[in-house]
Amino acid sequence: MWQMLPDIWQIELVLAGHKVVAGSDGTVAWRHTPWLPAHAARGGGLDPLAVSGVFSAAQYVGEKQMAGTDCFALKLSADQKNLTDRSDSTAEMIKHVLFGYFSQKTGLLLYLEDSYLTRVQSPGTHPTYWEITMSTNIQDYRTVEGVMIAHAGQSTVLIARFGDCLRSGPAITRLQESWTIDDVAFNVPGLSMDCFIPPKELKTDFPKEDLQYWISSSPPFDNP
């Protein structure tokens, strides 16, 4: 991940041999995945390093042990305005809830659960509902220039698809990945605005054929 200013960043990930790239040039946030072409991301983008401040408005919901560590839990729910801003004519964001579990001893984030429900409906078709839950176990915190940064973890994604248009009933896909961060550095020399230019083929809207492909096909990962 490279970052120049709070709203100018780019991150690259390799998942199960497939490359996922996302970024923001300060005006347009975008992402490129193996199953969809480069496209603008609604909502203007989020500085990945600002995630630590996301829970400043969260609600305390109790305590829980995570992997043998005593944690306190915080819950953050998107309000209606936020959900509306992230919806369009074919996709309606119904809910988005985030749970963070922080070590009572160190205050570090150890477990993150992110879930959202989206209603997708093209003109003349029945609606399809997508419920996606991403759970991440965060490990191996190390100090980098005075900043504690996690260097490893495991993530699990559950993708549930249901609706009247699915004759065979709900479809569930489960993805699992272990990830590591090899190196972290600040004040990297040589970074310029040219490093954060969106792809030329950037699409600002999802083409119908691409949306239907995503609805009717599984992502290019193997189900465990």
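The values are calculated or read from the model by the stated rules, or taken from the named source; none is laboratory data. This structure is a prediction, so every number in the text was calculated from the model and none was measured. Reconstructed Cβ throughout: ideal geometry from the backbone, glycine too, with neighbour counts over all protein chains shown.
The residue that is nearest to the chain's Cα centre (by Cα), among those in the stretch 113-128 that are surrounded by fewer than 18 Cβ atoms within 10 Å (Cβ to Cβ) and in a strand (DSSP E or B), is Asp114. Condition check: among the aromatic types (Phe, Trp, Tyr) and modelled with pLDDT of 65 or more. Does Phe196 satisfy that? Considered against the rule, which asks whether it is among the aromatic types (Phe, Trp, Tyr) and modelled with pLDDT of 65 or more, Phe196 comes out as yes. Residues that are modelled with pLDDT under 70, small (Gly, Ala, Ser) and surrounded by fewer than 16 Cβ atoms within 10 Å (Cβ to Cβ) do occur in the stretch 52-63, at least one of them. Just wondering, is there one or more residues in the stretch 144-163 that are surrounded by fewer than 12 Cβ atoms within 10 Å (Cβ to Cβ), at pLDDT 75 or above and over 29 Å from Trp9 (Cβ atoms)? The answer is no, given that none of the residues of the stretch 144-163 is surrounded by fewer than 12 Cβ atoms within 10 Å (Cβ to Cβ), at pLDDT 75 or above and over 29 Å from Trp9 (Cβ atoms). Restricting attention to the stretch 64-84 and to residues that are in contact with a Lys or Arg (Cβ under 9 Å, 6 or more places away or on another chain) and within 20 Å of Tyr129 (Cβ to Cβ), the residue that is modelled with the highest pLDDT turns out to be Ser77.
Of everything in the stretch 72-103, what is of a type in the set (A, V, I, L, M, F, W, C) and over 18 Å from Val120 (Cβ atoms)? Give them in sequence order. Those that are of a type in the set (A, V, I, L, M, F, W, C) and over 18 Å from Val120 (Cβ atoms): Phe72, Ala73, Leu74, Leu76, Val97, Leu98, Phe99, Phe102.
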